[in-house]
DNA sequence: AATCCAATTGAGAATTTTTTTCAATTGTAA
DNA sequence: TTACAATTGAAAAAAATTCTCAATTGGATT
Ligand SMILES: [Zn+2]
Ligand SMILES: [Zn+2]
Ligand SMILES: [Zn+2]
Ligand SMILES: [Zn+2]
């Protein structure tokens, strides 16, 4: 059951890569899988060491390259924190925004966008043509509250 | 007139530093002034070289330390971009959000916060206690549109 | 105005992070 | 299977950031 779901996902990813002209390599699948299986955002070196558990000879440069690719494909995003913006998390395909727990580092996704609806108003008001926005919430998750 | 305003601002900053237990040094004033006088966001090394026009012997480490301080004091913020989060801009004291032009790099400030009002709803809905949020708009300014 | 002291700085070294290079490997289309 | 462009690993190079420590300095106190 779990395995079937896994295979299904893998297949989907494979198609996804091919449709965009990228090869489906074990390294890319591993990085994606590591991120998908982590409730917390992960730094580059955390990703590296976790990937190495599966593929022991993967180099750090490959992690950098892979994350760049996955980010470009919209499968992962950088997590922006007070002390730097060097960790990553997966995102669903729909436009949503990460809520990051500053205590346990878990990332939840808020699957709404409060910005969309106000974009036009902002444009009208300021003359600025918004193309994209970065929105991220920092706080405490249900478990870490209080 | 302009000079008077400048002096006034300087004095204000001095008080601001002192009230928070920081010294008012030429280096800090220079970094702040460089950022205030730049309509565009600036990278660390851009800041460094501009500061050096006034104070030729300032070291790069001082720029790092100063930016950390100014950020902590809420006088400047990091600008987050697709390809990294390594440049800075000044912000007004009120809570607002930067609109960054991806063409000319100028930063405008949207002096409203669309998030405040929805924070409670989000909390109620998700159980997540928002402490801060990070919102930034990317797009084209009036001059760079079309 | 002179003194004192903790905070800050400059210089450079050290460390860490990121990018580059290139030969070897490997997905994938044919 | 074969062929080839894309991708990778390994190592070096480059860039970014932090650290150390003696010297300096802002500002409080006299
Ligand atoms: Zn938590
Ligand atoms: Zn959004
Ligand atoms: Zn960032
Ligand atoms: Zn512009």
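Read the figures in this text as sums done on the coordinates, not as results from a lab. Predicted, not measured: the structure shown is a model, and the values here were computed from it. Using ideal geometry, Cβ is built from the backbone for each residue, glycine included, and neighbour counts are taken over all protein chains shown.
Some observations on this one:
- Normalised by 2.2 N^0.38 Å, with N the number of residues, the alpha-carbon radius of gyration of the protein assembly as shown equals 1.14.
- Folded to 0 to 90 degrees: helix B:44-54 orientation relative to chain B principal axis, Cα: 30
- Distances between copies at residue B:111, taken between label points 7 Å from Cα along the C-beta direction, are 3.9 nm in increasing order.
- Shown is the FRET efficiency for residue B:11 and residue A:125, computed with R0 = 41 Å from the Cβ-Cβ distance and rounded to the nearest 0.05: 0.75.
- Cα long-axis angle, helix A:60-72 against chain A (0 to 90 degrees, to the nearest 10): 50
- Whole-angstrom gap from segment B:77-96 to segment B:18-42, using each part's C-alpha centre: 15
- Label distances, nm, residue B:39 versus same residue in remaining copies, Cβ-directed 7 Å point: 4.9
- Per-residue mean of C-beta atoms belonging to partner chains within 10 Å, peptide A:42-52: 0
- Largest first, the extents of the alpha carbon coordinates of segment A:92-146 on the three principal axes equal 42, 25, 13 Å.
- Placing pseudo-labels 7 Å out from each Cα toward the beta carbon at residue A:113 and residue A:20 gives an inter-label distance of 1.6 nm.
- Mean shadow area of segment B:7-92 over all directions, Cα convex hull, nm²: 5.6
- Taken over the Cα atoms of chain B, the convex hull encloses 160 Å³ per residue.
- Using alpha-carbon coordinates, inclination of helix B:116-126 to the longest axis of chain B, degrees: 50
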